[in-house]
Amino acid sequence: MTLTKEYLPILVAIIAASLAYLYAKRNNKLNNFYAQVKESLEGILGSMYFDLRIIFQIEDEVEKDYEVQKWFNKHGHIKMSLFKLGDLNLINSYLDLEKEYRKLKNRTQKDQKAFYINLERFYSNLDKHYWNSFQSLYNDYNWFNTVLNRPFPVKIALELAKHLQNFSQLIFYLSTFTIFFGIYFRLLKEFGVSEKNIFWIPIDFITMAIQLAAFSIMLIVFTDLFLPGNSKWLEVFEKVGNFILSPVKKLIKILKR
């Protein structure tokens, strides 16, 4: 016991230092990720995606073939930047597609049809990758754009509502996890599949998890009414905020006289 007390501060210091190191490392990786995503969206990914999107809107076959040729010529010169797509499957798909296109000259109409099917498949994957990258970078854009332009009481209320919703979501996931495994292991024992009580979860605990899950759903729905996306509630919230701020501002003006 004495030995534990002596080494406890050292152990706490080591754990704290390790957590700080891991947190800093994670932040650096996250910042690098955002920088890479931004560069990809502004560069090869955005160029590939929007050029191909315009191509598939062309109805004239001759014009479409010409634009496809331009598309390959444009991106064929920047192969060194293909890694910025950030997806190995997309890179390999593009290289295979380019190889297929270069062999397409003097081929049958059947070969050309097969090529356009593969090109559409590549475009579909490119579309998903582009918008996933976009969401990763701008996921909180609307949130900050809404919150930062609101009165101070509204900012505080919205931040609290968001944290409460995140906490409610965590409680919901933990509760459903407990309910699922609680019922699962009870069924195993009920049907004689397992007689061990290693993962036995008491029925009272499962009941409490069900109540917590229901309560967390109510909180999620309730807080969602006040978060950006529901303009009606946001306007009500803003009016309340202005109502609170108005007398405070008047009081400050009086005191400054």
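The values are calculated or read from the model by the stated rules, or taken from the named source; none is laboratory data. Given the structure is predicted, the values throughout are model-derived calculations rather than measurements. Note that each Cβ is placed from the backbone with ideal geometry, even for glycine, and that neighbours are counted across all protein chains shown. For the accessible areas, the whole protein counts, side chains as well, though only heavy atoms, and no ligand, DNA or RNA atoms are used. Shrake-Rupley method; radii C 1.70, N 1.55, O 1.52, S 1.80 Å.
Residues of segment 150-165 that are modelled with pLDDT under 80 and either open to solvent by 40 Å² or more (accessible area, probe 1.4 Å) or of a type in the set (Phe, Trp, Tyr) (or both): 150, 152, 155. Residue 142 falls short on exactly one of the conditions (1) modelled with pLDDT of 80 or more; (2) closer than 30 Å to residue 35 by Cβ; (3) open to solvent by 90 Å² or more (accessible area, probe 1.4 Å), and that condition is (1).
Among the residues in segment 100-113, are any touching a Gly at 6+ places or on another chain (Cβ under 6 Å) and either assigned to a helix (DSSP H, G or I) or surrounded by fewer than 12 Cβ atoms within 10 Å (Cβ to Cβ) (or both)?
No: segment 100-113 contains no residue that is touching a Gly at 6+ places or on another chain (Cβ under 6 Å) and either assigned to a helix (DSSP H, G or I) or surrounded by fewer than 12 Cβ atoms within 10 Å (Cβ to Cβ) (or both).
Close Cβ contacts (under 8 Å, 6 or more residues apart or on different chains) running from residues in segment 147-163 that are closer than 15 Å to residue 225 by Cα to residues that are among the aromatic types (Phe, Trp, Tyr) and open to solvent by less than 60 Å² (accessible area, probe 1.4 Å) comprise 154/237; 157/226; 157/237; 158/226; 158/237; 161/226; 162/143.
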